[in-house]
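Below: one structure, written as structure tokens.
The values are calculated or read from the model by the stated rules, or taken from the named source; none is laboratory data. Keep in mind that this is a model prediction, so the values were computed, not measured. Here Cβ is always computed from backbone atoms with ideal geometry, including for glycine, and neighbour counts include all displayed protein chains. Surface accessibility is based on the protein's heavy atoms, side chains included, excluding ligands, DNA and RNA. Shrake-Rupley method; radii C 1.70, N 1.55, O 1.52, S 1.80 Å.
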Amino acid sequence: MAVTKAEKERAHVVIVDDDEEVRTALRELILSVGLDATCFASTRDLLAADLPRRPGCMILDVRMPGSSGLDLQNLLAAKGDAPPIIFLTGHGDIPMSVTAMKAGAVDFLTKPVRDQTLLDAVTAAIEMDIASRQTHQIMQKHIDRLETLTPRERQVLREVALGRLNKQIAFDFGISEVTVKLHRSNVMRKMEATSVGDLIRAWESLPPDLREACAA
């Protein structure tokens, strides 16, 4: 059966806890507010699964047989594939919570937890994930457009984004202002910018290493 666009975009909460009763209760709570939920008894089971790429978050226990929730957080962060994470544990302490929060956890909650407290954390995590995905999509769009520019057009893009005037760019590059205007026009068209403001926002959305490469 084909998966619809609405289903792809529906928020998905992943629950990892070695306690079956806890997993069941959390899943029922998440389903009760119209979200999808998938449960795993261990980090190993999660890593072996083929999960859909959808907006959402993870609810992780800290201490489990095998790899801990903190281990999973570090692994996903190293892979650059970490969704927002909420830790829910009966064995937490202050140093552990500090470690988790410094590594980017949305919240660190202790069992038992009020339903609304957990749902509020889930809502915040999902909103963070949606915003992050939107930012990434915008960045990727501008990266794709950047790749259509010639090396000289990339240099001009950088200079324009830094507020340089046409005559200053022409002097630095040893070319005429007419040529600079031509490059600038091409940059605006290829980057699909309708104003210098649009161009600057596109430039600022690019990763620092790509911006640095435009100076070459």
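Within the stretch 30-62, the only residue that satisfies the criterion of being touching a residue at least 40 places away in the same chain (Cβ under 8 Å), open to solvent by 40 Å² or more (accessible area, probe 1.4 Å) and of a type in the set (A, V, I, L, M, F, W, C) is 33. Where strands (runs of 3 or more DSSP E) fall entirely within the stretch 1-65, those with at least 2 residues that are out of contact with any Cys (no Cβ under 8 Å at 6 or more places or on another chain), at pLDDT 90 or above and more than 16 Å from residue 87 (Cβ to Cβ) are at 36-40.
When you look at residue 61, is it more than 24 Å from residue 123 (Cα to Cα) and among the acidic types (Asp, Glu), yes or no? Write out each step before concluding.
Details: more than 24 Å from residue 123 (Cα to Cα): no; among the acidic types (Asp, Glu): yes.
It is false that residue 61 is more than 24 Å from residue 123 (Cα to Cα) and among the acidic types (Asp, Glu).
The set of residues in the stretch 159-216 that are surrounded by 13 or more Cβ atoms within 10 Å (Cβ to Cβ) and more than 24 Å from residue 139 (Cβ to Cβ) comprises 166, 168, 169, 170, 171, 173, 175, 177, 179, 180, 181, 182. Residue 133 meets each of the listed conditions (1) open to solvent by 70 Å² or more (accessible area, probe 1.4 Å); (2) more than 30 Å from residue 157 (Cα to Cα) apart from (2). Please work out which residue is farthest from residue 54 (Cα to Cα), limiting yourself to the stretch 84-118 and to residues that are surrounded by fewer than 16 Cβ atoms within 10 Å (Cβ to Cβ) and touching a residue at least 60 places away in the same chain (Cβ under 8 Å). Only one residue tops the list, namely 111. Does residue 154 qualify as being in contact (Cβ under 8 Å) with a residue 12 or more places away in the chain, under 30 Å from residue 55 (Cα atoms) and basic (Lys, Arg)? It is false that residue 154 is in contact (Cβ under 8 Å) with a residue 12 or more places away in the chain, under 30 Å from residue 55 (Cα atoms) and basic (Lys, Arg).
List the helices (runs of 4 or more DSSP H) that sit entirely inside the stretch 74-173 and contain at least 2 residues that are closer than 24 Å to residue 194 by Cβ.
Working: elements: 94-102, 115-146, 151-161, 166-173.
Those helices (runs of 4 or more DSSP H) span 115-146, 151-161, 166-173.
Residues in the stretch 175-203 that are of a type in the set (A, V, I, L, M, F, W, C), out of contact with any Ser or Thr (no Cβ under 9 Å at 6 or more places or on another chain) and outside any helix (DSSP H, G or I): 175, 193.
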